[in-house]
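The values are calculated or read from the model by the stated rules, or taken from the named source; none is laboratory data. Quantities reported herein were computed from a predicted structural model and do not represent experimental measurements. Cβ: placed from backbone, ideal geometry, glycine included. Neighbour counts: every protein chain shown.
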Amino acid sequence: MLETTIVGSLPKPFWLAEPERLWAPWAEVDPARLQEAKEDAVRLALLDQEEAGIDIVTDGEQSRQHFVHGFLAQVDGIDFEHKQRIGIRNDRYEADCPTVIGPLTRKSPVHVAEVAFARAHTKKPLKFTLPGPMTLVDTLADSYYGDRPKMAMAFAKVLNEEARELEAAGADVLQFDEPAFNVYMDQVATWGIEAI
């Protein structure tokens, strides 16, 4: 029989994030209260999925202010202060994006504490979502690598390190989201087999 799961993200409760606002103003909240609010939201997300009969549950991405930038904030080599306006998602729209200025490495594990918390609050198989390397590349200006495939491979290494630690922390399933995959689909063949 097929096991059920959700895509990964759930709407945040109004007391954690203002509805229909992309960036919740978390910097304005006391860190201890914010952490408690995130944990409450994760517990509710897990409980809602369990009560709905979902087989593989997620934390609903409740602890992340932004799916991509929440990961990037813990990666060295990225300048968030000096953003560049670039076209993203195959130039469908422009955005002010952080800039890669050096080698990409994790400062520390990014989501291990979130996985450990969720694991402690459910007996069900646990899934955790991460942005894929192509989506990360598509969301950044590049002033270091000068080569999108090379930068994607650097992110693949960083994501692999993170994924192994998430598995050790209790994640049973890891899902890499690649909304930018179709942007690079025509280019992947030229990247070589290692990029796939």
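One table, with the values for the structure above:
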| item | result |
| --- | --- |
| Every residue from segment 20-52 that is surrounded by fewer than 11 Cβ atoms within 10 Å (Cβ to Cβ) and among the hydrophobic types (A, V, I, L, M, F, W, C) | Leu22, Ala27, Ala32, Ala52 |
| Segment 55-73 - residue that is β-branched (Val, Ile, Thr) and outside any loop (DSSP other than H, G, I, E, B) and, of those, nearest to Ile101 (Cα to Cα) | Thr58 |
| Meets criteria (at pLDDT 95 or above, in a loop (DSSP other than H, G, I, E, B) and of a type in the set (A, V, I, L, M)) for Ala154 | no |
| Test for Leu136: is it part of a helix (DSSP H, G or I) and closer than 21 Å to Gly8 by Cβ | yes |
| Condition met for Leu16 (assigned to a helix (DSSP H, G or I), in contact with a Leu (Cβ under 9 Å, 6 or more places away or on another chain) and closer than 19 Å to Phe117 by Cβ) | no |
| Odd one out for Ala171, checked against (1) in a loop (DSSP other than H, G, I, E, B); (2) farther than 13 Å from Asp76 by Cβ; (3) under 14 Å from the mean Cα position of the chain (by Cα) | (3) |
| Total residues in segment 94-146, condition of a type in the set (D, E, K, R) and either under 30 Å from Ile54 (Cα atoms) or touching a residue at least 60 places away in the same chain (Cβ under 8 Å) (or both) | 5 |
| Segment 125-155, subset small (Gly, Ala, Ser) and surrounded by fewer than 19 Cβ atoms within 10 Å (Cβ to Cβ), residue nearest to Arg85 (Cα to Cα) | Ser143 |
